[in-house]
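First up is the structure itself, then whatever we jot down about it.
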Amino acid sequence: MSPMVSQSAVAKQAERLRQDGNTCFNKHRLGAAIDAYTEAIALCPNVPVYWTNRALCHRKRNDWKRVEEDCRRAIRLDHNSVKAHYMLGLALLHKEEYSEGVKELEKALDLGTGADPNSYMVEEIWQELAKARYLEWEHESSQRGWELQILKGACVEALKEKHVVDASMMEGFADEAAAANAKQFQALECVFRKAAEDDIPSEVPDYLCCKITLDIFRDPVITPTGVTYERAVILEHLQKVGKFDPITREPLTESQLVPNLAIKEAVRAYLEKHGWAYRLE
C-alpha cells in the first residue's frame, strides 16, 4: 500500500470517529464522544475541528482546564477558528482572567460576524461578551466609586481644617469666611459629581442605536440613502419582508449595504467609556 493511500485511509478512519463522536454527543454520551474525538486526534492531530469538538464536550462537563488546552491547540492549527476563540474566552473568564477572556470573545465575534452575521453563534458570542464586559465594568466602577469616596472624604477634611484656619485669621469677617467655605464645598461636590458621571447609567444616544431594534449597534451597515441599521436585522428584513428600506421604502438589496465604520468606532468608544451600556435587559 502506498503512503498516500495509507494516509487517505487514516483520514477516513479519523472522520468516521468524528462522526461517531458527534452521534454520541447528540445523545449526551459525553464520555464516549470524548473517547471518539481523542482517537480521531491520535490519527490526525492536525485537524482543528477534532480539538474543538472535544473542547465542546469538556465545556458541557465544566472542565474548563481541558477546554482551554484543546482550544489553544485548535487555534495553533487554525487562527480563524470561531469556536476555538469563543470557548477559550469562556475558559479564561472562568479563571477570572477577564481581560484576556474578553479579547478572545472579541476575536471570536469579529471572525463570526465576518463569516455569517446571522449565525446563532454570533448572537451567543455577543451575549457572553456583553455579560463579561458588564461584569468587568461593574467591578471597575465599584473600585472607582470606592476610591472617589476616600478621596472626597480627604478633601472634605482638608477644607474643614482650612476653614478653621481661615476663621482664626479673619476675625470680624466670619460671614465672609463661611461664605467662601460654602462655595468651596459646592465646587468640591460638583467636581466629584462630574468624576462619577460616566458610571451613572443613562440613555444611549439615538445615533448609536438601530432604528428597528432601538438597541445599541454591534455591526452597523449603511444604506445608499444614508440610513444605518444593525446588519443582522436589516438582512432578516430583506430576506423575510422584502427588498426595500423599511424607513425610506426605497428599493434595497444586500449588496448595497456598506459597513458603517464611523458609527462602529463611535459605539466602541462609547462602550469603552460607559460600560453599563453592555447590560442586557
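At a glance:
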| quantity | calculated |
| --- | --- |
| Subset of region 99-120 [over 11 Å from the mean Cα position of the chain (by Cα) and either open to solvent by less than 30 Å² (accessible area, probe 1.4 Å) or not aliphatic (A, V, I, L, M) (or both)] | Glu100, Gly112, Thr113, Gly114, Asp116, Pro117, Asn118, Ser119, Tyr120 |
| Test set (1) touching a residue at least 24 places away in the same chain (Cβ under 8 Å); (2) under 29 Å from Glu128 (Cα atoms); (3) out of contact with any helix residue (DSSP H, G or I) (no Cβ under 7 Å at 6 or more places or on another chain); (4) part of a loop (DSSP other than H, G, I, E, B) - Leu214 fails condition number | (1) |
| Total residues in region 33-80, condition outside any helix (DSSP H, G or I) and open to solvent by 80 Å² or more (accessible area, probe 1.4 Å) | 5 |
| Enumeration of residues in region 204-221 that are out of contact with any His (no Cβ under 9 Å at 6 or more places or on another chain), at pLDDT 90 or above and open to solvent by 50 Å² or more (accessible area, probe 1.4 Å) | Asp206, Tyr207, Lys211, Thr213, Leu214, Asp215 |
| Trp146 being surrounded by 15 or more Cβ atoms within 10 Å (Cβ to Cβ) and more than 27 Å from Asp70 (Cβ to Cβ) | no |
| Flag if Leu151 is among the hydrophobic types (A, V, I, L, M, F, W, C), in a helix (DSSP H, G or I) and open to solvent by less than 40 Å² (accessible area, probe 1.4 Å) | no |
| Boolean, Glu96 is open to solvent by less than 50 Å² (accessible area, probe 1.4 Å), acidic (Asp, Glu) and closer than 30 Å to Glu265 by Cβ | no |
| Only one of Leu93, Leu88 that is in a helix (DSSP H, G or I), within 20 Å of Ala130 (Cα to Cα) and at pLDDT below 95 | Leu93 |
| Residue match in region 60-68 (condition: touching a Phe, Trp or Tyr at 6+ places or on another chain (Cβ under 9 Å), touching a residue at least 12 places away in the same chain (Cβ under 8 Å) and of a type outside the set (Lys, Arg)) | no |
| Exclusive hit being closer than 22 Å to Ala154 by Cα and hydrophobic (A, V, I, L, M, F, W, C), set Val204, Val191, Val221 | Val191 |
| Of all residues in region 229-275 being aliphatic (A, V, I, L, M) and not in a helix (DSSP H, G or I), the one that is surrounded by the most Cβ atoms within 10 Å (Cβ to Cβ) | Leu252 |
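Per-residue answers, yes or no, for (1) open to solvent by less than 80 Å² (accessible area, probe 1.4 Å); (2) at pLDDT 85 or above; (3) closer than 21 Å to Trp276 by Cβ; (4) aliphatic (A, V, I, L, M):
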site: Glu128; (1), (2), (3), (4): yes, yes, yes, no
site: Lys131; (1), (2), (3), (4): no, yes, yes, no
site: Ala158; (1), (2), (3), (4): yes, yes, no, yes
site: Lys162; (1), (2), (3), (4): no, no, no, no
site: Asp166; (1), (2), (3), (4): yes, no, no, no
site: Phe173; (1), (2), (3), (4): no, no, no, no
site: Gln184; (1), (2), (3), (4): yes, yes, no, no
site: Val191; (1), (2), (3), (4): no, yes, no, yes
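The values are calculated or read from the model by the stated rules, or taken from the named source; none is laboratory data. Nothing here was measured: the structure is a model prediction, and the numbers come from that model. So basically every Cβ, Gly included, is an ideal-geometry build from the backbone, and we count neighbours across all protein chains shown. Remember, those area values only see protein heavy atoms, side chains included, never the ligands or the DNA or RNA. Shrake-Rupley method; radii C 1.70, N 1.55, O 1.52, S 1.80 Å.
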